Amino acid sequence: MKEIFNFLPEKDFLKIKEFFTGSYMPWYYNRHQTAAGPTVVEKKPDSSFFSHRFYYYNKPETDAKTFNFIKPIIDKINPSKLLRVKANLIVNTGVRHFCNFHLDSEEDEQYKVAVYYITTCNGYTLLDPKHKIKIKCEGNKLAIFDGKIKHCVASQTDKDQRIVLNINYI
């Protein structure tokens, strides 16, 4: 696992943060953070959240204007192949919730997960159900880990929003 602090220049980061925390970002309601399936370790119900799919297996799923907001992040990561790009928004409920430990993809080939943290809060990402490596949610940080490492999300209790961009790539 690798963490890169101040991943983007401050000007680029603030532009991205303003868009994602503003009223023009199109968010879509999801009943559960992890769906039951072969990539989910536990099968317990988890909490709802909002998401926006930018890219899904060789297919853009948003308009070019919206995609351009994340382009500086994608360009700096410089993937040879983009698999999936999805923004996630968790709204503070006053209680810490955990989603199920899961893999983002059933992809056979080796892929990486990059999580770009847009907001700073006391929510976090946990890697590996056995070792529980904690990645703090700190704005303008990029965390990169192997796509075959199971992970889960802990919601925040201090700030209104926890917003991340989840990128699966080769």
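In nm, what is the difference between 0.36 nm times the number of residues separating ARG53 and PHE5 and their Cα-Cα distance?
14.8 nm
Using each residue's phi in region 97-105, evaluate 6.51 cos²θ - 1.76 cosθ + 1.60 at θ = phi - 60° and report the 3J(HN,Hα) Karplus result to the nearest Hz, with x for Gly and Pro.
Result, rounded to whole Hz: 10, 10, 7, 6, 5, 7, 10, 6, 8.
Quick check: residue separation of TYR24 and ASP160 times 0.36 nm, minus the Cα distance between them. What number comes out in nm?
Extra length available between TYR24 and ASP160 comes to 47.2 nm.
So with the 1.4 Å probe, I'd like the accessible area per residue for region 64-145, rounded to whole Å².
For region 64-145, the per-residue accessible area is 45 Å².
Note the listed values (1) 45, 18, 13; (2) 22, 19, 16; (3) 31, 22, 13, then indicate which one is semi-axes √(5λ) of the Cα gyration tensor in Å calculated from this particular structure.
(2)
Under 5 Å between amide hydrogens, which residues at least 5 positions from LYS150 or on another chain qualify, with H placed 1.01 Å from N in the peptide plane?
Residues meeting the amide H criterion: ASP128.
Which of LYS11/LYS159; LYS59/LYS159; LYS65/LYS148; LYS59/LYS134; LYS86/LYS159; LYS71/LYS150 have a Cα-Cα distance over 29 Å?
Violating the 29 Å Cα-Cα cut-off are LYS59/LYS159; LYS65/LYS148; LYS59/LYS134.
Using only DSSP helix segments of four residues or longer, with each worth -39500 (n - 2.57), what per-residue ellipticity at 222 nm results for the chain after dividing by its residue count and rounding to 500?
-4000 deg cm²/dmol
Restricting attention to the alpha-carbon atoms of region 97-170, what are Rg (one decimal) and Dmax (integer), both in Å?
12.0, 38
Counting only protein heavy atoms, what percent of the accessible surface of the chain is carbon or sulfur at a 1.4 Å probe?
Its accessible area is 52 percent carbon and sulfur atoms.
The values are calculated or read from the model by the stated rules, or taken from the named source; none is laboratory data. On a predicted model such as this, the values are computed, not experimentally measured, just so you know. Keep in mind that these areas ignore ligands, DNA and RNA; they rest on the heavy atoms of the full protein, side chains included. Shrake-Rupley method; radii C 1.70, N 1.55, O 1.52, S 1.80 Å.
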